[in-house]
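Here's the structure, in structure tokens; my notes come after.
No lab work stands behind these numbers, since they all come straight from the coordinates. No experiment lies behind these values; they were computed from the predicted model shown. Here the Cβ is made from the backbone with ideal geometry for all residues, glycine too, and neighbour counts use every protein chain on show.
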Amino acid sequence: MAAQTHLFPCLSDNFGVLLHDPSTGATASIDAPEAAAVDAALKATGWTLTHILVTHHHQDHTGGIAELKMRHKCRVIGPRDEASKIPTLDQTVAGGDSIKVGALTGRVLDTPGHTSGHISLVFDADKLAFVGDTLFSVGCGRVIEGTMEQMWNSLLKLRALPDDTKFFCGHEYTQANIKFALTIEPDNKALLARAKEVDQLRAAGKPTIPATIGAEKADNCFLRADIPAVAAAVGMTGKSPAEVFAEIRARKNKF
């Protein structure tokens, strides 16, 4: 049976998401921003928490783990390179490792940049990716602990996923991201269409994720730093894609 997901809001602008295997009843919370929101989602779905899968150590992704682990006796799996910052981990993983949630099999990608040990989780058979704060809908995370080149390489790993892969990110930032992206590619037809779609979703109180990798390749300027027209738009013709990406990210930081 195919994986099921349940998306729900947490904190001020975070997303929580449950990943459920209907064949075994296993359920994972992807990160755990706050325990109460995760418990409310479990009650709404009738699912039982068996795992927490952690993408990175930031408090707005880990704040609910200890309480949930104590209450549900669930298994906590997270990034090996950030184990010292996430004391609740039962298992550590890194790029190339696989994880199981019931009968669902995911693989781990190392996606450093936002944090030095950030990971993303890809469930290929279900065409699902959980990317934390590496990739956002029409955006990407701030480069806080890693380097711009690391972040660009991490985005390339995610961009290489099949176009119909649905990804879940950690925050509802899409409208703001689009406003910035339009300063880079004001004539991008895919981006202009996405802007209308997102405005309609938000006006209706609906989330803008999951989004697809294919859509991001068409309208997310951070994934398009190796396109000559994008480089030209930021005055970086002839520069490496990583340098172009760094310029775009620097502009977003000031936007």
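Which residue pairs have Cβ atoms closer than 7 Å, lie 6 or more positions apart in sequence or on different chains, and pair a first residue in segment 126-151 that is acidic (Asp, Glu) with a second residue that is surrounded by fewer than 23 Cβ atoms within 10 Å (Cβ to Cβ) and not in a strand (DSSP E or B)?
Pairs that qualify, where the first residue is acidic (Asp, Glu) and the partner is surrounded by fewer than 23 Cβ atoms within 10 Å (Cβ to Cβ) and not in a strand (DSSP E or B), are Asp126/Ala2; Asp126/Ala3; Glu145/Ser116; Glu149/Ala242.
Within segment 159-168, can one find any residue that is surrounded by fewer than 21 Cβ atoms within 10 Å (Cβ to Cβ) and small (Gly, Ala, Ser)?
Scanning segment 159-168 turns up at least one residue that is surrounded by fewer than 21 Cβ atoms within 10 Å (Cβ to Cβ) and small (Gly, Ala, Ser).
Given the conditions (1) touching a strand residue (DSSP E or B) at 6+ places or on another chain (Cβ under 7 Å); (2) free of Cβ contacts under 8 Å to residues at least 40 places away in the same chain, and given that Cys169 satisfies all but one, which numbered condition is not satisfied?
Tallying (1) touching a strand residue (DSSP E or B) at 6+ places or on another chain (Cβ under 7 Å); (2) free of Cβ contacts under 8 Å to residues at least 40 places away in the same chain, Cys169 fails exactly one: (2).
Please go through segment 112-125 and pick out each residue that is without any contact (Cβ under 8 Å) to a residue 60 or more places away in the chain and either touching a Leu at 6+ places or on another chain (Cβ under 7 Å) or of a type in the set (Phe, Trp, Tyr) (or both).
Val122
Filter segment 211-235 down to residues that are within 16 Å of Phe180 (Cα to Cα), part of a loop (DSSP other than H, G, I, E, B) and not hydrophobic (A, V, I, L, M, F, W, C), then give me how many there are.
Looking only at that region, the number is 1.
Anything in segment 81-100 that is touching a strand residue (DSSP E or B) at 6+ places or on another chain (Cβ under 6 Å) and of a type outside the set (A, V, I, L, M)? List them, or say none.
Within segment 81-100, Thr88, Asp90, Gln91, Gly95, Asp97, Ser98 meet the criteria.
Considering segment 131-153 alone, what residues qualify as being over 21 Å from Phe255 (Cβ atoms) and of a type in the set (Gly, Ala, Ser)?
Residue satisfying the conditions is Gly132 alone.
Tell me yes or no: at least one residue of segment 58-74 is under 25 Å from Cys221 (Cβ atoms) and either more than 18 Å from the chain's Cα centre (by Cα) or among the polar types (S, T, N, Q) (or both).
No, because not a single residue in segment 58-74 is under 25 Å from Cys221 (Cβ atoms) and either more than 18 Å from the chain's Cα centre (by Cα) or among the polar types (S, T, N, Q) (or both).
How about segment 199-220: which of its residues are of a type in the set (A, V, I, L, M, F, W, C) and touching a residue at least 60 places away in the same chain (Cβ under 8 Å)? Full working, then the answer.
Looking only at segment 199-220, we keep the residues that are of a type in the set (A, V, I, L, M, F, W, C), and these are 201, 203-204, 209, 211, 213, 215, 218.
Correct list: Ile209, Ala211, Ile213.
If you take the residues in segment 236-255 that are without any contact (Cβ under 8 Å) to a residue 12 or more places away in the chain and part of a loop (DSSP other than H, G, I, E, B), which one is nearest to Arg159 (Cα to Cα)?
Out of the qualifying residues, it is Ser240.
I'm told Ala26 meets every condition in (1) buried (at least 22 other Cβ atoms within 10 Å of the Cβ); (2) within 22 Å of Ala3 (Cβ to Cβ) except one. Can you identify the failing condition by its number?
Ala26 satisfies every listed condition except (1).
I'd like to check something: does segment 227-235 contain any residue that is over 22 Å from Asp163 (Cβ atoms) and touching a residue at least 40 places away in the same chain (Cβ under 8 Å)?
Yes, that holds for at least one residue.
For segment 178-205, what are the residues that are of a type in the set (S, T, N, Q), out of contact with any Lys or Arg (no Cβ under 8 Å at 6 or more places or on another chain) and within 27 Å of Ala232 (Cα to Cα)?
Result: Asn188, single match.
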